[in-house]
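In what follows, a single structure is set out as structure tokens and then discussed.
Throughout, read-outs are computed from the coordinates displayed, never taken from laboratory work. Model, not experiment: these values are computed from the prediction. As a convention, Cβ positions derive from the backbone with ideal geometry for all residues, glycine included, and neighbour counts pool all protein chains shown.
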Amino acid sequence: MLLSAASLCIANVHDGDTIRSCDGERIRIANIDAPEMRGSPKCRDRRRRGWCDYALATRSRDALAAFLAEGRVTIRRQGEDRYARTLATLAVNGRDAGQYLVDRRLARPWR
């Protein structure tokens, strides 16, 4: 079920596709995949097959943080992922955060 958009306060940008809201909600940006940050379990265990480009991961995280700081952030929650994070799209001034990262090759569409 897709709910209407609401304003969101951002406390922390963990990586290029995961943030934490000011009220502690962990949010995973829907429909994209960003590289894993250094130290990610997905990169330590080869069987988990993470996208482990650490330099790009840092650029992706920093670009998302800068993008979200440009204005009022709105969220459209879509459910939860298997790690109990909220799946959602985020936008700033009507521009989709996930698409912003994909267009700059800092994330890729989720398959």
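As I understand it, the value is the acute angle between the Cα axis of helix 54-68 and the longest principal axis of the Cα atoms of the chain; what does it come to in degrees, rounded to 10?
Once rounded, the angle reads 0 degrees.
Identify which of the listed values of mean projected area of the Cα convex hull in nm² was calculated from the structure shown: (i) 7.9; (ii) 6.1; (iii) 6.8.
So the calculated entry is the one marked (iii).
Tally the DSSP beta bridges in the chain and give the antiparallel ones as a percent, rounded to 5. Spell out each step's value before the answer.
Values: 21 of 24 bridges.
If we restrict to bridges inside the chain, about 90 percent are antiparallel.
In whole Å, what are the Cα extents of the stretch 61-105 along the three principal axes, biggest one first?
Result for the stretch 61-105: principal-axis Cα extents of 28, 22, 15 Å.
Give me the extension gain from Arg104 to Arg38: residue separation times 0.36 nm, minus the current Cα-Cα distance, reported in nm with one decimal. Walk me through the numbers on the way to the answer.
Values: separation 66, 0.36 × 66 = 23.76 nm, distance 2.09 nm.
Working it through step by step, the gained length comes to 21.7 nm.
How large is ³J(HN,Hα) for each residue in the stretch 80-87, as worked out from phi by the Karplus curve 6.51 cos²θ - 1.76 cosθ + 1.60 (θ = phi - 60°), to whole Hz, x for Gly and Pro?
10, 8, 5, 9, 6, 8, 5, 8
Collect residues whose amide H, placed 1.01 Å from N in the peptide plane, falls under 5 Å from the amide H of Asp33; neighbours closer than 5 in sequence don't count.
Arg108, Trp110
If you take the charge dipole of the chain about its Cα centre, with +1 on Lys and Arg Cβ and -1 on Asp and Glu Cβ, which of Leu56, Pro41, Asn31 is farthest toward its positive end?
Going by the charge dipole, the pick is Pro41.
Could you size up the charge dipole of the stretch 25-111 around its Cα centre, putting +1 on the beta carbon of Lys and Arg and -1 on that of Asp and Glu, and report it in debye to the nearest 20? Don't skip to the answer; put the middle values down first.
Details: 21 positive and 11 negative charges, 81 e Å.
Taking the Cα centre of the stretch 25-111 as origin, the dipole is about 380 debye.
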